[in-house]
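Chemist: Questions regarding the structure given below will be posed in turn.
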Amino acid sequence: MSNIFLPEQFKIVSATAGCRTTNGGVTFDVINLENAHRVWIVAHFRQAVAHATTIQPVLGATVAPATAITFTTEWWRNADMATTDTLVAQTAATSCACTAAATDQMIVIRIDPADCAAQGTTLTYLGGTIATSAQATNFVAAFYFIQERYPQATPPTAIV
């Protein structure tokens, strides 16, 4: 039996405010990292047209982060969710991309706030961008899973 209870130990916040087309790119909603021990970005892509769509985590000292991460972070990809439920570890990088295929894909990125602080002590806001796929029929829905530093029944808001 596990002692992990997802809603009690992880704050779950939408990064894309629902499902969005990647045509024209997507800018994530921003979260504050002050109460975060770790953050996972989980993105589900529905690609009707093959494209190696890229996610770039960004940091900032204000609620408008625009500085790409310079540290490498671990990430995983499932390139075809219709045929497997396996997330495959990828080479640590500062950004990550879908496989260029017309499939449903999942990308999971782990962000350590300590790495953010090492990049710049005032970089306490996390966001992200998804590059344009130039395809109106390609979509994404993304979430932040925030492991709280101090778990509590009603954690402070992370949305800024």
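Chemist: Give me a count of the residues in the stretch 103-123 that are of a type in the set (Val, Ile, Thr), assigned to a loop (DSSP other than H, G, I, E, B) and within 25 Å of residue 146 (Cβ to Cβ).
Modeler: 2
Chemist: Among the listed residues 8, 34, which satisfies the condition of being surrounded by fewer than 20 Cβ atoms within 10 Å (Cβ to Cβ) and touching a Lys or Arg at 6+ places or on another chain (Cβ under 9 Å)?
Modeler: Matching residue, one of 8, 34: 34.
Chemist: Out of 83, 129, I need the residue that is hydroxyl-bearing (Ser, Thr, Tyr) and surrounded by 12 or more Cβ atoms within 10 Å (Cβ to Cβ). Which one?
Modeler: 129
Chemist: For the condition in a loop (DSSP other than H, G, I, E, B), over 25 Å from residue 150 (Cα atoms), hydrophobic (A, V, I, L, M, F, W, C) and at pLDDT below 95, what is the one hit in 100, 50, 82, 64?
Modeler: Just one listed residue meets the conditions, 64.
Chemist: Out of 17, 68, 50, 79, I need the residue that is in contact (Cβ under 8 Å) with a residue 12 or more places away in the chain, over 25 Å from residue 137 (Cβ atoms) and among the hydrophobic types (A, V, I, L, M, F, W, C). Which one?
Modeler: Selected residue: 68, the only one of 17, 68, 50, 79 that is in contact (Cβ under 8 Å) with a residue 12 or more places away in the chain, over 25 Å from residue 137 (Cβ atoms) and among the hydrophobic types (A, V, I, L, M, F, W, C).
Chemist: Something else about it: Filter the stretch 11-29 down to residues that are closer than 14 Å to residue 127 by Cβ, surrounded by fewer than 22 Cβ atoms within 10 Å (Cβ to Cβ) and among the aliphatic types (A, V, I, L, M), then give me how many there are.
Modeler: So the answer is 2.
Chemist: In addition: Among the aromatic types (Phe, Trp, Tyr), farther than 22 Å from residue 138 by Cα and in a strand (DSSP E or B): is that true of residue 40 in this structure?
Modeler: Criteria met by residue 40.
Chemist: Let me ask another. Taking the stretch 37-68 on its own, how many of its residues are surrounded by 22 or more Cβ atoms within 10 Å (Cβ to Cβ) and closer than 19 Å to residue 112 by Cα?
Modeler: 7
Chemist: Do any residues in the stretch 124-149 that are under 16 Å from residue 28 (Cα atoms) and part of a strand (DSSP E or B) have Cβ atoms under 6 Å from those of residues that are at pLDDT 95 or above and aromatic (Phe, Trp, Tyr), where the two are at least six apart or on different chains, and which pairs are they?
Modeler: Every condition considered, the pairs that remain are 127/28; 128/28; 140/45; 145/40.
Chemist: Is there a residue being closer than 14 Å to residue 44 by Cα, touching an Asp or Glu at 6+ places or on another chain (Cβ under 9 Å), in contact (Cβ under 8 Å) with a residue 40 or more places away in the chain and hydroxyl-bearing (Ser, Thr, Tyr) anywhere in the stretch 96-103?
Modeler: yes
The values are calculated or read from the model by the stated rules, or taken from the named source; none is laboratory data. Being a predicted model, the structure only gives us computed values, none of them experimental. Heads up, the Cβs are rebuilt from the backbone with ideal geometry, glycines too, and the neighbour counts pull from every protein chain shown.
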